[in-house]
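The values are calculated or read from the model by the stated rules, or taken from the named source; none is laboratory data. Keep in mind that what you see is a predicted model, and the values were worked out from it rather than measured. Ideal geometry is used to build each Cβ from the backbone, glycine not excepted, and the neighbour counts take in all protein chains shown. Surface areas here come from the heavy atoms of the whole protein model, side chains and all, with no ligands, DNA or RNA. Shrake-Rupley method; radii C 1.70, N 1.55, O 1.52, S 1.80 Å.
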Amino acid sequence: MVDDVILETHQLVKEFKGFVAVNAVDLKIQRGTIHALIGPNGAGKTTFFNLLTKFLIPTSGRILFNQHDITAEKPAQVARRGIVRSFQISATFPHLTVLENVRIALQRSVGSSFDFWRSQNSLNRLNDQAMQLLQQVELADFSSVQAVELSYGRKRALEIATTLATEPELMLLDEPTQGMGHEDVDKVTQLIKKVSANRTVLMVEHNMGVVSQIADTISVLQRGQIIAEGPYAQVSQDPLVLEAYMGSTEAALAGAHGH
C-alpha cells in the first residue's frame, strides 16, 4: 500500500564539483518501522541525511513525504511537517537543567518561545509534559541536573527527549551511539526501540550490533548508491555488502556478532 510509505526518494542525486556523493538513490521508508542506513565511511550517508532535512539541495531527483513533494522546501518547512533530526540539535544547553532543556524544546513546538515568561501556569503545564518525556527516556531522576554533568549516554537520552518534544512523525537519528562504551550503546539502543513505538525512525549507524538488534529494514550505501536492502539476516549475508565492508572497516559485519 502506498499509504504505508512515509518517505520516498526518486533518483536522488547530489554532486559536489563533479564528485557524485549521492547517486540516483531510490529509497522507500515504511511508516512505523526503524530503517537503518549503513555503509562504509564516505558512502554518502550524511549527505543523504542532509538532503532529507534540506540542509542541502539535491542536484536532481525528488523527495516525497506523506506523498507531498518536499524537494524544494526549506528546513523549517520540513521540520513543521514532522521530519525532525536528532543530534543535529545537540541543542542541549549545557548549563541549563535537564528539565529546562526539554521545556525549551516544548516551547519551541507550541510556538511560544518568546512569551514563556508571561504565565507561571503555562510553565507548570510544560513542566508536567517535560517530566513525562523524561520518564520515557529514563531521566526523570536527573531533571534538576545540569546537562553538562550528564554521562555521554544520558546526554543522548536528553537529546532524544528534546526531539520527542517536537512530536516528530519521522525521526532521523544521526549516529546515535557514536563514541559510546558498550553499556551506553545498549541503553541508547533500547531507548530508540522504546521511543520508536508508533513512530518512524530513520537512522544512520556505524555499529552493526545496534542495527542487527533494532532495525526492521537496512539499506546499505556504497559510493552514493544503495547496494543492498532488507532485514539484517539477509543484508549481513549479501556478498556485495561483505565486500564493501571488508575494504573499509575490517569486517565490521563479522565483528558485529562479538558485540
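In this view, the solvent-accessible surface of Arg62, computed with a 1.4 Å probe and all protein chains in place, comes to about 110 Å².
Amide H neighbours of Ile70 under 5 Å, at least 5 residues apart or on other chains, H built in the peptide plane: list them. Correct list: Ile63, Leu64, Phe65.
Between Glu205, Glu100, Glu183, the residue with the greatest mean-square fluctuation in the GNM of the chain (Cα pairs under 10 Å linked by springs) is Glu183.
Applied to segment 216-228, the Karplus parametrisation 6.51 cos²θ - 1.76 cosθ + 1.60 on θ = phi - 60° returns per-residue 3J(HN,Hα) values of 6, 10, 10, 10, 9, 9, 9, 6, x, 10, 7, 9, 6 Hz, with x for Gly and Pro.
Distant-in-sequence amide contacts of Phe93, defined by a placed amide H-H separation under 5 Å and a gap of 5 or more residues or a different chain, comprise nothing.
Rounded to the nearest 10 degrees, the inclination of helix 120-136 to the longest alpha-carbon principal axis of the chain is 40 degrees.
Seen from Asp69, the other residues with C-beta closer than 13 Å to its C-beta sum to a net charge of +1, counting Lys and Arg as +1 and Asp and Glu as -1. The angle between the Cα long axis of helix 98-110 and the main principal axis of the chain comes to about 80°, on a 0 to 90 degree scale. Proximity of backbone amide H atoms, modeled 1.01 Å from N, is registered between Val22 and Lys14 at under 5 Å, excluding neighbours fewer than 5 places apart on the same chain.
Among Phe48, Phe142, Phe19, the largest mean-square fluctuation in a Gaussian network model of the chain, built with springs joining Cα atoms closer than 10 Å, belongs to Phe19. By its C-alpha gyration tensor, with a ≥ b ≥ c as the square roots of the eigenvalues, how is segment 129-198 shaped: rounded for a/c under 1.5, else prolate for a/b larger than b/c, else oblate? Oblate, since a/c reaches 1.5 and b/c is not below a/b.
Between beta-carbons, use under 12 Å as the cut-off and find the net charge around Leu96, counting Lys and Arg +1, Asp and Glu -1.
Overall, the nearby charge balance is -1.
Among the protein heavy atoms of the chain, carbon and sulfur supply 50% of the accessible surface, probe 1.4 Å, non-protein parts ignored.
Projecting the Cα atoms of Ile192, Ile38, Val145 onto the charge dipole of the chain (Cβ charges, centred on the Cα centre) puts Val145 farthest toward the positive pole. Rounded to the nearest 5, what % of DSSP beta bridges with both residues in the chain are antiparallel? Within the chain, antiparallel bridges account for around 55 percent of the total.
Excluding Glu229 itself, calculate the net charge of residues whose Cβ lies under 11 Å from the Cβ of Glu229, where each Lys or Arg counts +1 and each Asp or Glu counts -1. Net local charge, Glu229 excluded: -1. Can you compute 3J(HN,Hα) from phi for each residue in segment 196-201, using the Karplus curve 6.51 cos²θ - 1.76 cosθ + 1.60 with θ = phi - 60°, rounded to whole Hz and x for Gly and Pro? Computed from phi, the couplings for segment 196-201 are 7, 4, 6, 9, 10, 10 Hz. For segment 182-201, the residues whose amide N sits under 16 Å from a probe point set 7 Å from the Cα of Gln135 along the beta carbon direction are 195. For the chain, a Gaussian network of Cα nodes joined below 10 Å ranks Thr47, Thr59, Thr163 by mean-square fluctuation, and the top entry is Thr59. What the chain shows is 48 Å² of accessible area per residue, with the surface traced by a 1.4 Å probe over protein heavy atoms.
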